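First the structure, in the form of structure tokens, and then the observations on it.
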Amino acid sequence: MSAAPLDVARVQADFPILKRQVHGQRLVYLDSASSSQKPTAVLEAMDHLYRESYANVHRGVYAIAEEATAAYEGARARVASFLGVPSPSELVFTRNVTEAINLVAQSWGHANLHEGDVVVLTDLEHHANIVPWHILAAERGIELRWVPLTEDYRLDVSHLDALLDGAKLFAFSAASNVLGTLNDVALLADAAHAAGALALVDAAQFAPHRRLDVTEWGADFVGVTGHKMLGPTAIGALWARPELLDTMPPFLGGGEMIRDVSRDGFTPNEVPWKFEAGTMPIAEAVGLGAAVDYLEALGMDAVATHETDLTAYALRALEDRFGDRLAIYGPRTTERRGATISFLFEGIHAHDISQVVDEHGVCVRAGHHCAKPLMRVLGVPATTRASFYVYNDESDVDALVEALAAAERFFAI
Amino acid sequence: MAGLEDLYREIILDHYRAPRNRGELPVPPAHQVEGYNPLCGDEIVLYLDIDDGVVRDVRTGGQGCSISQASTSMMSAAVKGLRIEEARQLIRTFKALMSIHESKLEGETDGEDGATLDGVRLGDLEALQGVVKFPVRIKCATLAWNTLEQGLDEAGQPQPA
Ligand SMILES: Cc1ncc(COP(=O)(O)O)c(C=O)c1O
């Protein structure tokens, strides 16, 4: 690894929101797994487009329309390159990863899944990778199977071949938004292919934190969401193998996605535009392009090292301070683990914890994290979740630990 | 700005730490009803012993945050012994409390009679008024009351005229 270590102080200076205070305290933002903050570079890229080059894309022949189109397609090329996508034409912009997965379910799913067909999911999926398949199950009578978890919060792959037997699709996340677990995507994709199934990867919690190369993973569909990776809201992306994109029917119908329309019907546009119906979030795409440039400049290896170090520090600090009173739901070491830590205090509800730590300027999430099947497996109604990113440092962990200690005192029986 | 002490008044923490009327009643004759807050996973179970138009006894179970637990405890203490119509009136009053600003409360907080709303004496319940300043927690406070309302409906008790 050649990358220089992350200079966190410099990174922090790039995020204007980190300068503000809440409840008279320094803002300690530990909810990046929900949505990340935005660096100045992203804000400026969007602002610049609106001030200097804004017009609709792919329509006008005038100068600023050409500039806007170049900015939008340039963003596609940068995001594609960031994800290891061989050609920008293989990358479809969506609103978010939820839409990316729904696109696959509605387009590929409708064309390929029939009554009795099997889709395999895992017990650690976000609702975004569950409900689209429930909808198809209700509509088409497909069968859903679930890969269970091991005691140490990893996917239990010991019966994977049996679960995948006869399956058409294996849809799983690369990283859990609750447990922090990083899955072995290449292994899971290989297992899917060995069973004759396609592999869909929800990379929402992976792309912001680790170098991602879709060709190394060898999956068939990969979805990401911009707002978790320093980009704006309402922009995400779906990569799919070009031969799949070519044969998949359109998802939404409207402008831009057509080549020709008559009273009798329509001919779809080429990929990726076939899947980009209506006016797209142009400035947001440009913002996401700036976000991946920013991450690229930091170096994803440096990002990963920083987060792993910080996770190790946080796991140790929580354990040292609270011992058995605090239960951590997720791997206890940094091996194949991201910087998302879910926990519960004995006898104190997750909401009460997050309410009290908010008073200390510390933003953590409490709830089911849109992963209710996982919550049922864990046997808890909710957890408190702290998640770290490029702009967090050890002082943020210390602030969390102090705020948690205050919360524990507050609710002491 | 709303501070923690607005939300977690001492009396709320007291009900949370030492919930009143925890337990079960034999079903039947008691009526059992469950309430669920899908947003945060709070769940409560109420056992209502309703006889001759009077809520003779209430027992509660379930789990949740301090606000939902304290509200459940306070509700159980407040409705025990009330006539159905009085319980329904109290439900309406409590829901009104969860949607108004403090200034609309009539009467001194620590006066002899305590604060009233629409002529209904609030007693301990007034302590939950601070929840209004934390909008996401209002659902926690109203869970017990919505569940009580459902229980009264299900128990087939007539609506007040
Ligand atoms: C693993 C995972 N998948 C999907 C989503 C949904 O992301 P979005 O709401 O941006 O579509 C999230 C985040 O909420 C997530 O963590």
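Close Cβ contacts (under 6 Å, 6 or more residues apart or on different chains) running from residues in the stretch A:190-211 that are touching a residue at least 60 places away in the same chain (Cβ under 8 Å) to residues that are open to solvent by 10 Å² or more (accessible area, probe 1.4 Å) and more than 16 Å from the ligand (Cβ to nearest atom) comprise A:Ala197/A:Lys168; A:Arg210/A:Ala304; A:Arg211/A:Met300.
So which of A:Thr181, A:Thr150, A:Thr233, A:Thr225 ends up being more than 16 Å from the ligand (Cβ to nearest atom) and at pLDDT 95 or above? Please lay out each step first, then the result.
On the way: A:Thr181 fails: more than 16 Å from the ligand (Cβ to nearest atom); A:Thr233 fails: more than 16 Å from the ligand (Cβ to nearest atom); A:Thr225 fails: more than 16 Å from the ligand (Cβ to nearest atom).
Criteria check complete, one pass: A:Thr150.
For first residues located in the stretch A:306-332 and under 20 Å from A:Leu155 (Cβ atoms), partners that are in a helix (DSSP H, G or I) and lie 6+ apart or on another chain with Cβ distances below 6 Å form the pairs A:Tyr329/A:Leu378.
Taking only the stretch A:379-397 into account, find how many residues are open to solvent by less than 30 Å² (accessible area, probe 1.4 Å) and within 11 Å of chain B (Cβ to nearest Cβ). If you could, list the steps in order and put the result at the bottom.
Here is the first cut: in the stretch A:379-397, the ones open to solvent by less than 30 Å² (accessible area, probe 1.4 Å) are A:380, A:382-392, A:396-397.
Among the residues that remain, those that are also within 11 Å of chain B (Cβ to nearest Cβ) are: A:380, A:382-383.
Of the residues in that region, 3 qualify.
Screening A:Ile328 against (1) at pLDDT 95 or above; (2) crowded, with 20+ Cβ neighbours inside 10 Å; (3) not in a helix (DSSP H, G or I) leaves a single unmet condition, (2). Note on the stretch A:128-147: among residues that are open to solvent by 50 Å² or more (accessible area, probe 1.4 Å) and in contact (Cβ under 8 Å) with a residue 24 or more places away in the chain, the one that is farthest from A:Leu182 (Cα to Cα) is A:Arg140.
Within this structure, A:Ser32 passes the test of being closer than 24 Å to A:Glu296 by Cβ, more than 14 Å from chain B (Cβ to nearest Cβ) and within 16 Å of the ligand (Cβ to nearest atom). Looking at A:Lys228, A:Lys274, just one residue is in the same structural domain as A:Val79 (by TED's automatic domain parsing) and under 30 Å from A:Ala407 (Cα atoms), and that residue is A:Lys228.
Could you check the stretch A:165-174 and list, in sequence order, the residues that are within 16 Å of the ligand (Cβ to nearest atom) and assigned to a strand (DSSP E or B)?
Here is the first cut: in the stretch A:165-174, the ones within 16 Å of the ligand (Cβ to nearest atom) are A:170-174.
Once the filter is applied, which keeps residues that are within 16 Å of the ligand (Cβ to nearest atom) and assigned to a strand (DSSP E or B), the stretch A:165-174 yields A:Phe170, A:Ala171, A:Phe172, A:Ser173.
Any idea which residue in the stretch A:116-128 is nearest to the ligand (Cβ to nearest atom), counting only those that are in a loop (DSSP other than H, G, I, E, B) and under 26 Å from A:His368 (Cβ atoms)? Restricting to residues being in a loop (DSSP other than H, G, I, E, B) and under 26 Å from A:His368 (Cβ atoms), the top hit is A:His126.
Just name the residue that is farthest from the chain's Cα centre (by Cα) out of those in the stretch A:116-127 that are open to solvent by less than 10 Å² (accessible area, probe 1.4 Å) and closer than 14 Å to A:Leu169 by Cβ.
Residues of the stretch A:116-127 that are open to solvent by less than 10 Å² (accessible area, probe 1.4 Å), as a first pass: A:118-122, A:124-125.
Cutting the leftovers down to closer than 14 Å to A:Leu169 by Cβ gives us A:118-122, A:125.
Values: A:Val118: 25, A:Val119: 21, A:Val120: 20, A:Leu121: 17, A:Thr122: 16, A:Glu125: 11 Å.
Only one residue tops the list, namely A:Val118.
Counting only residues that are more than 10 Å from chain A (Cβ to nearest Cβ), out of contact with any Asp or Glu (no Cβ under 8 Å at 6 or more places or on another chain) and of a type in the set (D, E, K, R), the stretch B:6-46 holds 7 of them. Taking the conditions (1) away from every other protein chain (no Cβ under 14 Å); (2) free of Cβ contacts under 8 Å to residues at least 12 places away in the same chain in turn, A:Arg376 satisfies each one other than (1).
I'd like the full set of residues that are within 14 Å of another protein chain (Cβ to nearest Cβ) and touching a strand residue (DSSP E or B) at 6+ places or on another chain (Cβ under 8 Å), limited to the stretch B:67-94.
Narrowing the stretch B:67-94 to residues within 14 Å of another protein chain (Cβ to nearest Cβ): B:67-72.
Result: B:Ser68, B:Gln69, B:Thr72.
In the set (1) in contact with a strand residue (DSSP E or B) (Cβ under 9 Å, 6 or more places away or on another chain); (2) within 16 Å of the ligand (Cβ to nearest atom), A:Val131 fails one condition alone, (1). Scanning the stretch A:347-367 for residues that are in a loop (DSSP other than H, G, I, E, B) and either more than 7 Å from chain B (Cβ to nearest Cβ) or modelled with pLDDT of 95 or more (or both) yields A:Gly347, A:His360, A:Gly361, A:Val364. In the set (1) crowded, with 17+ Cβ neighbours inside 10 Å; (2) over 20 Å from the mean Cα position of the chain (by Cα), A:Phe266 fails one condition alone, (1). Residues in the stretch A:277-299 include none that are in a strand (DSSP E or B), away from the ligand (no atom under 16 Å from the Cβ) and either polar (S, T, N, Q) or free of Cβ contacts under 8 Å to residues at least 40 places away in the same chain (or both).
The values are calculated or read from the model by the stated rules, or taken from the named source; none is laboratory data. Everything numeric here is computed off the predicted structure, so don't read it as measured data. For neighbour counting, all protein chains shown are included, and Cβ atoms are generated from backbone atoms with ideal geometry for every residue, glycine included. Heavy atoms of the whole protein, side chains included, go into the accessibility calculation; ligands, DNA and RNA do not. Shrake-Rupley method; radii C 1.70, N 1.55, O 1.52, S 1.80 Å.
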